[in-house]
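Structure record follows, encoded as structure tokens.
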Amino acid sequence: MINKEKFEYVIHTNELEGYIFTEEEKEIIRKVAEGEMSSKEALEIFSKSTKNLD
């Protein structure tokens, strides 16, 4: 699977389950798929944004 396919797969499968990504979240996922950001860095960003919702 090429990077664009990985990105589209992640977005599509989650949207099928009812989750709609923000543009910022899509950008983070794209960066992980293209190797510009590690999954660890992405998880840290997502966990910070989730904590702000509490």
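Just a few scattered comments:
- Integer Hz, Karplus 6.51/-1.76/1.60 couplings in order for the stretch 19-30, x for Gly and Pro: 8, 10, 7, 6, 4, 5, 5, 4, 5, 5, 5, 4
- Dimensions of the stretch 3-51 based on its C-alpha atoms, expressed as ranges along the principal axes with the largest first, amount to 24, 24, 15 Å.
- Loop chymotrypsin sites (Phe, Trp or Tyr not before Pro), the stretch 5-54 (other Cβ atoms within 10 Å of the site Cβ: 15 or fewer; DSSP): 19, 21
- Taking a straight Cα-Cα cut-off under 22 Å and skipping sequence neighbours fewer than 8 places away in the same chain, the lysines within cross-link reach of residue 48 are 26, 31, 40.
- Nonlocal amide H pairs with residue 37, under 5 Å, H built at 1.01 Å: 32
- Charged-residue dipole, Cβ positions (Lys, Arg, Asp, Glu), the chain about Cα centre, Debye nearest 20: 140
Bear in mind these aren't lab numbers, they're just calculated from the coordinates by the rules spelled out. It should be emphasised that the depicted structure is a prediction, and the values quoted were computed from it without experimental measurement. In this analysis, Cβ positions are derived from the backbone assuming ideal geometry, glycine residues included, and neighbour counts consider all displayed protein chains.
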